[in-house]
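Okay, structure first, notes after.
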Amino acid sequence: MEPSNLTEYIEQGCTTGYGKFNVGPAKSCNMLLVGRSQTGKSTVVKTLLNPQYGTTKSGFSITKDPQLNTLILTNNDTHENCHLNIIDTPGLKEVRENEDSRTDSELLKLATKCVKENITSLNVVCFVSRAGETHLQDTEVFEEVKKCLGAKYARISMMLLTHCDDYNDSRLDQFEETIKSHPKSKEYYDYCQLGLYRYGAIDLTKLEPYETDTGSMMVMSKLKRNEVMRDKFLSKLLLCTETVLKVDELQEIYDAAQIERDRVIAEAIQR
């Protein structure tokens, strides 16, 4: 006998059987965040979770190893749920003067390893760049990641400009136009077929010179503006749940790196 609805046997509004928990369908979106150091990738994750999070500048990338962050995204209008899995990678092109220093290729291997161990498919590859500072280091990062992923991933790639709350819309439009038209960045803008999105987070250090009342007005103004950008970004991520690409290429790159590593070790032992 096929399972059927029990509504004809139960009074309307009855919740017996549910207990403390409700279980419902949920979509999922796996997103890889990549970009050079100090563009605000980790801040994006933190402010998606808490839009009222205030940032501070450390001078170095906080993320040293790839991290998997799982968030629950709920549309307040439709009550639709989505599991948002974000792989936050260390900043590429970062230079450190200590033993924590890593080459760009090592960072890519770490990102690949993280994807291989935690995520079997991707919905979004998000190239993060700082508004007004999309320059040579960004294009070098884009080139390395694009080479790693290949043309297939263009249809699930997007650009995200951070620190947009520091500029008015007219200035941001100019930044976007430069990215679209400049020979160094146009190729990567065109590669990101999901488009370009804006994002903002409040920098606490910029509020320090102001009195509390003035600072409060500035915060509320920025929060309202950031909310619009955040909503557009999240709305796009929800639309991306239907497009899924397996990460076989990334796994192959990681496996090849491991084989090469084992070969080098074996040769060293034989000597």
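The values are calculated or read from the model by the stated rules, or taken from the named source; none is laboratory data. These numbers come from a predicted model, not from an experiment. Don't worry about glycine lacking a Cβ; one is built from the backbone with ideal geometry, like all the others, and counts go over all protein chains shown.
Some values worked out for this structure:
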| quantity | calculated |
| --- | --- |
| Per-region count, the stretch 233-248, residues more than 23 Å from Val145 (Cβ to Cβ) and either acidic (Asp, Glu) or assigned to a loop (DSSP other than H, G, I, E, B) (or both) | 1 |
| Meets criteria (more than 25 Å from Asn123 (Cβ to Cβ) and either over 16 Å from the mean Cα position of the chain (by Cα) or at pLDDT 80 or above (or both)) for Met229 | no |
| Those residues of the stretch 1-46 which are closer than 30 Å to Val125 by Cβ, among the hydroxyl-bearing types (Ser, Thr, Tyr) and out of contact with any Gly (no Cβ under 6 Å at 6 or more places or on another chain), in sequence order | Ser28, Thr39, Ser42, Thr43 |
| Selection status of Tyr153, touching a residue at least 40 places away in the same chain (Cβ under 8 Å), in contact with a helix residue (DSSP H, G or I) (Cβ under 6 Å, 6 or more places away or on another chain) and of a type in the set (Phe, Trp, Tyr) | no |
| Residue match in the stretch 211-232 (condition: outside any helix (DSSP H, G or I), of a type in the set (D, E, K, R) and surrounded by fewer than 20 Cβ atoms within 10 Å (Cβ to Cβ)) | yes |
| Sole exception among (1) surrounded by 12 or more Cβ atoms within 10 Å (Cβ to Cβ); (2) not in a helix (DSSP H, G or I) for Lys180, by number | (2) |
| Residue match in the stretch 55-62 (condition: under 18 Å from the mean Cα position of the chain (by Cα), closer than 23 Å to Asp231 by Cα, hydroxyl-bearing (Ser, Thr, Tyr) and modelled with pLDDT of 90 or more) | no |
| Those residues of the stretch 140-151 which are surrounded by fewer than 22 Cβ atoms within 10 Å (Cβ to Cβ) and more than 18 Å from Gly195 (Cβ to Cβ), in sequence order | Glu140, Glu143, Glu144, Lys147, Cys148, Gly150 |
| The stretch 184-203: number of residues that are of a type outside the set (A, V, I, L, M) and either under 14 Å from Thr47 (Cβ atoms) or not in a helix (DSSP H, G or I) (or both) | 8 |
| Only one of Asp104, Asp138, Asp100 that is among the acidic types (Asp, Glu) and at pLDDT 65 or above | Asp138 |
| Pair list, Cβ under 9 Å, 6 or more apart: the stretch 64-81 residue closer than 18 Å to Pro51 by Cβ and assigned to a loop (DSSP other than H, G, I, E, B), other residue among the aliphatic types (A, V, I, L, M) and at pLDDT 90 or above | Asn75/Leu234; Asn75/Leu238 |
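Quick grid of which residues meet (1) part of a loop (DSSP other than H, G, I, E, B); (2) surrounded by 13 or more Cβ atoms within 10 Å (Cβ to Cβ); (3) not charged (D, E, K, R):
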| position | (1), (2), (3) |
| --- | --- |
| Glu11 | yes, no, no |
| Thr15 | yes, no, yes |
| Val23 | yes, no, yes |
| Cys29 | no, yes, yes |
| Leu33 | no, yes, yes |
| Lys46 | no, yes, no |
